[in-house]
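Data first, discussion second: the structure below is written as structure tokens.
The values are calculated or read from the model by the stated rules, or taken from the named source; none is laboratory data. Note that the structure is a prediction, hence the values are computed from the model and not measured. Cβ atoms come from the backbone with ideal geometry, glycine included; neighbour counts cover every protein chain shown. Accessible surface is based on the protein model in full, side chains and every heavy atom, while ligands, DNA and RNA are left aside. Shrake-Rupley method; radii C 1.70, N 1.55, O 1.52, S 1.80 Å.
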Amino acid sequence: MTTGDQVLRIHFTVEDIANTRMLATLGPLAESAFALYLFGRNGDVAFHEWRRSVRAELGKDAARFTALSQQFRTLEELPAAFADAFTPGADPDQVPSGEDRRGARLLADLCRVAVLPHWSLIRSHLDGAREGWGRVAISHGVERLLGSVHPKVRWRAPVLELRHGPNRDIRLDGRGLLLCPSFFLSEQSCSFVTAVGKEAMPALVFPVKASSRVDIWGTSEHDEQALGALVGHTRAAALEALAEGCSTGELADRLGISLAGASKHAAVLRRSGLVTTSRNRNTALHALTPLGTALLRSSDRFISPPPAPVSRVPAQRMRPLQLNGVGPGTNRAAV
């Protein structure tokens with residue numbers, strides 16, 4: 001980071017490291033605040049279809065939401081404007097109705113139109129992101145997690161730096177930090193929230209991968225090549241290796257293949273929705289999605305040979321089940 005960069009510096013103590021935790025989401029109203037910020041800006045391709053469908057649903061009222069969106073110059077202004085929204089469990093149907101809460105009522109309306117209809121799928125993606133990052137923390141420690149959540153975030157013990165954030169120092173004083181993925185943050189953005197909920201705990205909110213969003217708007221195409229390429233034991237072994245999360249280099253070591261080969265396998269698994277990938281400078285970290293985890297848990301049913309049936313066929317004619325030409329005695333590294 002150069003001297004001229006705007007940098008938010010979050011200072012940690014040992015107690016702060018111990019108290020750092022991760023939420024799956026701050027809730028639909030907080031997501032709606034980030035959605036509002038996106039609504040009046042056309043730069044993020046991943047949200048074009050969502051923005052088009054919401055504008056069609058709002059009709060003439062869309063202009064009011066665009067105008068409200070453009071009142072905010074930075075993401076950091078949102079929590080101050082919508083403090084109630086950044087309380088886990090906030091209910092869009094319980095927003096105060098005074099004239100001074102007009103913006104809050106508009107946010108609740110946007111939540112009902114643009115976020116809640118998709119919430120079950122959105123929550124599933126956020127839960128998957130939390131599980132993936134949780135595996136990173138379990139396998140490599142909280143400090144690796146802190147330095148890996150987003151390219152703009154850098155861990156320089158004992159300080160977490162957020163590039164292009166507000167240029168100031170934050171001391172956690174033993175409170176720890178909430179880490180939280182967001183569905184409606186642009187992939188280029190992170191947001192620091194000074195106080196979340198009744199505990200007034202500071203939070204760092206970062207985006208899920210753009211590739212995990214497109215299926216919600218119904219715009220993703222069925223990738224037959226990616227799905228077809230999944231058949232085979234090398235990628236089954238890759239799924240096992242990624243159960244605890246790892247980098248591309250670690251995946252290559254675990255599979256006994258080249259770095260380029262590991263990168264290719266991870267890319268195929270990612271396109272098929274089985275793996276998520278995050279980048280921290282030159283390091284790619286991979287973790288299973290809920291679908292990948294479910295497939296791994298059920299893999300024994302498809303890969304292991306079934307019990308031998310009672311049959312009059314002579315024993316020498318019995319053959320174990322093979323998948324894609326691979327039987328139980330095949331060396332995985334050769335597939």
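Counting only protein heavy atoms, what percent of the accessible surface of region 10-212 is carbon or sulfur at a 1.4 Å probe?
Of the solvent-accessible surface of region 10-212, carbon and sulfur hold 50 percent.
Given a cut-off of under 8 Å on Cα pairs at least six residues apart, what relative contact order in percent is computed for region 10-212?
In percent, rounded to a whole number, it is 35.
Restricting to region 10-212, what percent of DSSP beta bridges are antiparallel, rounded to 5?
Rounded to the nearest five, the antiparallel share is 55 percent.
Heavy atoms only, probe 1.4 angstrom, no DNA, RNA or ligands counted: give me Arg51, Arg271, Arg154 ranked by accessible area, highest first. List each step's numbers first, then the result.
Details: Arg51 5, Arg271 140, Arg154 55 Å².
Output order, biggest surface exposure first: Arg271, Arg154, Arg51.
For the pair Arg64 and His11, what calculated FRET efficiency results from E = 1/(1 + (r/R0)^6), where r is the Cβ-Cβ distance and R0 = 41 Å, to the nearest 0.05?
FRET efficiency, His11 to Arg64: 0.50.
What whole-number value in Å² describes the accessible area per residue of region 83-155 for a 1.4 Å probe?
48 Å²
Just check region 10-212 against the gyration tensor rule for me: Cα atoms, a ≥ b ≥ c as the square roots of the eigenvalues, rounded for a/c under 1.5, and otherwise prolate or oblate depending on whether a/b exceeds b/c.
prolate
Between Gln188 and Ser263, what length comes free when the chain is fully extended (0.36 nm per residue of separation minus the Cα-Cα distance, one decimal in nm)?
24.7 nm
Using a Förster distance of 35 Å, how high is the FRET efficiency between Gln71 and Asp169, based on the Cβ-Cβ distance and rounded to 0.05?
0.80
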